[in-house]
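Data first, discussion second: the structure below is written as structure tokens.
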Amino acid sequence: MDKDITEFIDKYVQQLKTEGLIHSEAVERAFRKVRRDLLLESCFKFDKDAVVCLPVKSDLNDPAVLELIYSDEALITRIGPDGKPTSSTSQPALMANMLELLDLKRGMSVIEIGAGTGYNAALMAEIIGDPSLVTTIDIQPDVIEQTSRLLAKAGYGGIRVLLRDGFLGCPERAPFDRIVGTVCCTDLSPHWANQLAPDGNMLIPLQHGGPNTTPLMKVSKENGNLVGCIAGWSGFMNIQGEMSIQHPWARAPWYSSLDDSSIRRLPPLPEMPDCGWEWEKLTLLDFHYFLALEDRRTCNLQRGFGLWDENKGFVLSPFSKEQEPVTRLYGDESLYREYLEIYERWHALGRPRARDFASEFQILGSVNTQPSLYKQGDSWVIERKFFRQIVRLES
């Protein structure tokens, strides 16, 4: 390996270790072995001032390009006709965390939903020890063409790269010890359930409370049932195809163009001083998880999460302490009071964290075209497209 590249990789891996995201030898070895730069031909760099995406050529003679590639940043690799990203190589911190959660062992078979650049598939191949045991699928033909070609060039031609809707999985290579989603999923797929080995598990970014909130749901089989728990948080592009966006929560309009003078700034929720993205701390994301169980008007936008009501307006809390520590209200103050009432119910329960809730997934008899959310005794029920998710607070 080129000495200059090695220096970038060493710095990159050390950062992930320092942040506690890599803690096993197997994952560290994989990150040191697989070259992210070999699986990129170009990417897009987000320009915050112009709010556009600019193409950046993968020039390995340019230290600035290598610095970008070996940074803890998701790199967008495809832009759709609407200007929105459709494919990327995920943030390394997220990949490292998910690889640790997957607990891959040598000789396991794994399928990845969402191929991206193939970087994550190559990392899994290194951990498992046999590229032929890794399958990655994607619905975009250009993604599959490039990913297949670059994986082969980088020495991972044994990985099976398939063009198909991720919803279908890969029955011809089942059963799988691990099924991992690297896209934001609106539901589980019945095909994944059928293709999961009896002792296997899935790690799925499962949409909850709007299109931009994706807790990592770890799902396994228990006495013939599918059960799951929250193992962390993620951020991925939305899945395409049969499982494209369809959820029971509010489809709030983008409001960044609103005149700020029309938005009232009210006191923040009491948890605001402690909020942030760190999984081991009390975060506002835990309240957001509960909010989305209690009220289908739950939404999340660039400026935060809260409730959106087409007749009353919206109320939003910031996602993290880096944002202005206020609650924003646009519209009827009764919505703010309803929001606080839900917060008080969460507080009365002891401020449970997202990981304190357990889920059971029951397959529906037919495809549900009208997702819904309701309370049933001490449980919350989320009727998704293919599965009924029953959520309970564990004692």
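Couple of notes before you dig in:
- Straight-distance crosslink candidates among aspartates and glutamates, where the alpha carbon sits under 18 Å from LYS45 and sequence neighbours closer than 8 are dropped: ASP37, ASP59, ASP62, GLU67, ASP72, GLU73, ASP82
- At R0 = 41 Å, FRET efficiency that the Cβ-Cβ distance of GLN362 and GLN15 yields, to 0.05: 0.45
- Neighbourhood net charge (13 Å Cβ-Cβ; Lys/Arg +1, Asp/Glu -1) for ALA26: 0
- The alpha carbon convex hull volume per residue for the stretch 123-245 rounds to 110 Å³.
- For the pair ASP332 and GLU310, the difference between a 0.36 nm per residue extended length and the Cα-Cα distance amounts to 6.8 nm.
- Point-to-point label distance, GLN370-ALA152, nm (Cα→Cβ direction, 7 Å offset): 5.0
- As a rough guide to protection, the peptides 119-131, 366-378, 139-151, 383-395 ranked by mean Cβ packing within 10 Å, highest first, stand as 119-131, 139-151, 383-395, 366-378.
- Net +/- balance of residues flanking LEU393 in space, Cβ distance below 9 Å, scoring K and R +1, D and E -1: -2
- Secondary structure note: in the chain, about 80% of the DSSP beta bridges are antiparallel.
- Residues in the stretch 352-366 reached by a label modelled at GLU222 [backbone nitrogen below 15 Å; 7 Å Cα→Cβ]: 355-362
- Distance in nm between pseudo-label sites at ASN61 and SER261 (7 Å out along the Cβ direction from Cα): 5.5
- Integer Hz, Karplus 6.51/-1.76/1.60 couplings in order for the stretch 12-19, x for Gly and Pro: 4, 5, 5, 4, 5, 5, 4, 7
- Taking the average, over residues, of other Cβ atoms within 10 Å as the packing measure, peptides 350-357, 189-196 rank 189-196, 350-357 from highest down.
- Residues LEU349 and SER132, FRET efficiency given R0 of 51 Å [Cβ-Cβ distance, rounded to 0.05]: 0.60
Where a number appears in this text, it was derived from the coordinates with a stated rule and is not lab data. Everything quoted here is computed from the prediction, not taken from an experiment. So basically every Cβ, Gly included, is an ideal-geometry build from the backbone, and we count neighbours across all protein chains shown.
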